[in-house]
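Working notes for the structure below.
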């Protein structure tokens, strides 16, 4: 989060992270099995392979995942809606909420490991979350580089999940926040583990 500023101010931390090369490949996903198990509204977590992913996992107390999206089905194909930086699809694109095939989300060059968590909520509450996630991806809602939970005109990945379920009156984080105290970045943020610890989530698949 504000990772480039953190790296610039913490050169030894940067050197340690660069040792984890972006050229490495993650674990292999059995997409046939995964797609048989999926339901709309499931949350998909991954640990990023790049420097930004390592910054998040190093900051998160759990440190297992760095990114999250929500599963949706479009024309019988599984997709993931997520808010992501530095994955622009075309010239002139912006960092934003996007909807992409699950194979892209869990691509070996992007995911060192991952997991799927099922949300234990009423179908109508899950439908509200799915509908809002699709709306935000269609709007191309910008990515929140300020990581400001008080402003939803821009959203970061975990903030997106908290927001879309919040439209149905549910807090997936259950109010958990992780306090971060770095130069130029101090505050309370929703980290992936603030979601995975939820009593409303159950892991159903991992790799």
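Hey, can you rank 180-191, 156-167 by average C-beta count inside 10 Å, highest first?
Working: 180-191: 15.2, 156-167: 23.2.
Result, highest mean first: 156-167, 180-191.
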Q: List the residues of segment 163-177 whose backbone N lies under 19 Å from a point placed 7 Å from the Cα of residue 135 along the Cα-to-Cβ direction.
A: 163-172
Q) So between residue 107 and residue 36, what do we pick up on full extension, going 0.36 nm a residue minus the alpha carbon distance? A) 23.8 nm
Q: Can you check how the C-alpha radius of gyration of segment 32-148 compares to 2.2 N^0.38 Å, as a plain ratio?
A: 1.05
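For a footprinting-style exposure proxy, rank 82, 179 by other Cβ within 10 Å, fewest first.
Numbers: 82 26, 179 9.
So the residues, fewest neighbours to most, are 179, 82.
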Q) If you wrap a convex hull around the C-alpha atoms of segment 116-207 and split its volume per residue, what is the figure in Å³? A) 116 Å³
Q) Which value in nm describes the separation of the simple spin-label points at residue 64 and residue 204, placed 7 Å from the Cα toward the beta carbon? A) 1.7 nm
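Suppose a student asked you for the relative contact order of segment 82-207, using Cα pairs under 8 Å spaced at least 6 residues apart; what percent would you report?
Details: 166 pairs, mean separation 37.9, N = 126.
Result for segment 82-207 is 30 percent.
Quick note: the coordinates plus some simple rules give every number you see, no bench work behind them. Owing to the predicted nature of the structure, the values given are computational and were not obtained by experimental measurement. Don't worry about glycine lacking a Cβ; one is built from the backbone with ideal geometry, like all the others, and counts go over all protein chains shown.
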